[in-house]
1. Based on the alpha-carbon gyration tensor of segment 258-342 and its eigenvalue square roots a ≥ b ≥ c, which shape applies: rounded if a/c is under 1.5, prolate if not and a/b is larger than b/c, or oblate?
2. Can you tell me the dipole magnitude for the chain around its Cα centre, using point charges on the Cβ only (Lys, Arg +1; Asp, Glu -1), in Debye to the nearest 20?
3. Mind checking the full-extension length gain between Thr188 and Gln57? Use 0.36 nm per residue of separation minus the Cα-Cα distance, one decimal, nm.
4. At 0.36 nm per residue, and after removing the present C-alpha to C-alpha distance, how many nm does the segment from Arg10 to Glu92 gain when stretched out fully?
5. Mean Kyte-Doolittle of at least -1.0 and a Cα length of 30 Å or more along the axis: which whole DSSP H helices of the chain meet both?
6. How high is the relative contact order of the chain, in percent, with contacts defined as C-alpha pairs under 8 Å that are six or more residues apart?
7. Using θ = phi - 60° and the Karplus relation 6.51 cos²θ - 1.76 cosθ + 1.60, list the HN-Hα couplings for segment 193-199 in order, rounded to whole Hz, with x at every Gly or Pro.
8. With a point put 7 Å past each Cα toward its Cβ, work out how far Asp21 is from Thr285 in nm, to one decimal.
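The values are calculated or read from the model by the stated rules, or taken from the named source; none is laboratory data. What you are looking at is a predicted structure, and each value in this text was computed from that prediction instead of being measured. Cβ coordinates were reconstructed from backbone atoms using ideal geometry, including for glycine residues, and neighbour counts include every protein chain displayed. Areas reflect the complete protein model, heavy atoms only, side chains present, ligands, DNA and RNA absent. Shrake-Rupley method; radii C 1.70, N 1.55, O 1.52, S 1.80 Å.
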Amino acid sequence: MGSLDASLSRYPVLTDPRPHDTTLPAFMVSTTRGFLPRMDPIALLPPEFAPLESLLQRMPVRTASGEPGLLDPERPGSDGEGNDLKEAVLRELPDLTEAVDKYKDNLPLVNALYRDYSFLASAYLLEPCHASFVRGEGYGLGRDVLPACVARPIARCAQICGFKPFMEYAGSYALYNYRLVDPSLGLTSSNLRLIRAFERGLDPTSSEAGFVLVHIEMVKNSGPLISGTISALDTVLPPTTNPPSPSPPTYHNRAALNTSLHQILSSLRSINHVMETMWHRSKPTDYTSFRTFIFGITSQSMFPNGVIYEGVAALGDKPASFRGESGANDSMIPLVDNLCNIPMPATPLTEILKDFRAYRPGEHRAFLEWVARASEEGGLKEWALGLGGLENGDGDGEEEEEEEEELLRESRALWLQILDQVRDFRWRHWCFAREYIIKRTSHPTATGGSPIVTWLPNQLAAVMDEMGKLYEKVGGGGGGGLGVEVERIMDLVARQREMLRKEVRKFCEERGVEVEGV
């Protein structure tokens, strides 16, 4: 059993997200809003940014009115080469960095400006790639210079908010990119609309809108996941009272742990249920039509020499390279990885996973790091599973011992069911990659710059390996008494591991790439 030093105090998770406090970052961690922003995103920009607003409204392939926009290379009057947005930006957009500084103390507003400049930056850099893709010529080359009128404001917004100066999943494309039709109805599916879009996303029935909104609705369920995580860790964190009370009610209390694990499991099931709706809300045949605009710079053929950010002193004259928007930068599954201390293989693919950590809001990163440390140093996994950690109680009397054994079996079953929800999430993500991308394009990398046929299997195989090892350690299949549900899960895991191995090998052979880490 590990021991925690006094420096590892409880993480300041919010119970009140303080939606009207403009001095706090838009993204924190709360038991009510989870990993969503503390308040609904700001949709309307201050009047100084009217030129930016005008460009963003005219930018999508299909605008809010349904008319062809600047990114449509087939619209009347376009040269078909993907230059319309570029010409409009250079003609109309002043450098509004000083206007950004005017609002630097209003962090949610600067986050909105970051979102909007990141949409414009990605569209500007990838506009010729979209035109090339529409012509059936692959992605071609993106632009390797971001003009100062975009580069300087996005760099300043990113500096203030703690993001990279490029489109990110939480801060711009997905989690800070929705508005409510009727604020009184809250985050219901029919009440959500996108603020910004590249293709047809301003139409709520489009595949682009469905793709983004499903992510928002998944993260809507993260509040109970965070609550369960905190209460589970409370069972291994030492008391905070000074002096410590002799018998804290939740410290090393297995009944309290199991209640927490039930909450985590329920939250993950809700998240996976929403994730499954992606199939009909964002069609596999439509994904590549808007995917072009969420690619990054790192490891992409479109940017062999990186991108120069004009006028950004912090980057000098050297080309910059950033990873693209990716749902892999969401914080929910990494939270469970850290809580359950799921080991990842020592492969280059895992190094990419670690690199993705830098593309999350700062408060999310800090919270995930705290959870990892608290779980490991507190020995949560060993105690929860009864693997040589602290035993429960004094074992006085046969009834007490029997009750403790029953609680331990419940802990073990819940732990494996939680890991199964992580497996289910990653298996579905792999199925999305297979059906939406691998079968429809030969481009070798995902939007975040990871190898498309090996990266997701790296994490999926890791969680299935962990499930198999733990199942054996806790006596599964040999009288461990973990129940029919766990037996069914482990049977499925055995079949999926073999299926995954065959699929990855097949795709690697077809594409001439090496099987790594799977």
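1. oblate
2. Using Cβ point charges on Lys, Arg, Asp and Glu, the chain gives about 1660 debye.
3. Stretched out fully, the Thr188 to Gln57 stretch lengthens by 44.7 nm.
4. Extra length available between Arg10 and Glu92 comes to 24.6 nm.
5. 107-134, 254-276, 484-511
6. So the answer I get is 16 percent.
7. Couplings: 9, 7, 8, 10, 7, 9, 10 Hz.
8. 5.0
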